[in-house]
Amino acid sequence: RIQDKARNVGFDWEQRDQLWDKVHEEFTELKTEIDKMDADKMEAEFGDLFFSLINAARLYKINPDNALERTNQKFTRRFNYLEEHTIKEGKSLKDMSLEEMDRIWNEAKAKGL
């Protein structure tokens, strides 16, 4: 709604591909604050990055809620596959290396999960 209000008075990008520079700028600012480990500024810059990404979604007619939900479901399917696979092998995720887990994750990905 905030972005729609701004757009309605002409405060918007002339061409939607211009916003990617803004997304990059916000990501760079976030990374700078992460390097400093300033929790308050990291949170503020994270919000700015989210805001610019949601603006991108608006301009490309993508529903950000739906996009995030799809990703959450995809992550859940792959993580469930990872858990089930390790249980069948009699292993525990806690005892596995990230490399081992990543191999199984990529297996789930290759299966279209």
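The values are calculated or read from the model by the stated rules, or taken from the named source; none is laboratory data. These numbers were taken from a predicted model, which means no experiment stands behind them. Quick reminder, even Gly has a Cβ in these numbers, built from the backbone with ideal geometry, and neighbours come from all protein chains shown.
General observations
- Scan of the range 12-65 for residues that are of a type in the set (S, T, N, Q), at pLDDT below 95 and surrounded by 13 or more Cβ atoms within 10 Å (Cβ to Cβ), ordered by number: SER52, ASN55
- Single residue of PHE75, PHE46 found to be of a type outside the set (A, V, I, L, M), assigned to a helix (DSSP H, G or I) and under 27 Å from GLU25 (Cβ atoms): PHE46
- Hits in the range 54-78 (condition: touching a residue at least 24 places away in the same chain (Cβ under 8 Å) and closer than 28 Å to ARG103 by Cα): LYS74, ARG77, ARG78
- Residue check for LYS31: under 25 Å from ILE2 (Cα atoms) and basic (Lys, Arg): no
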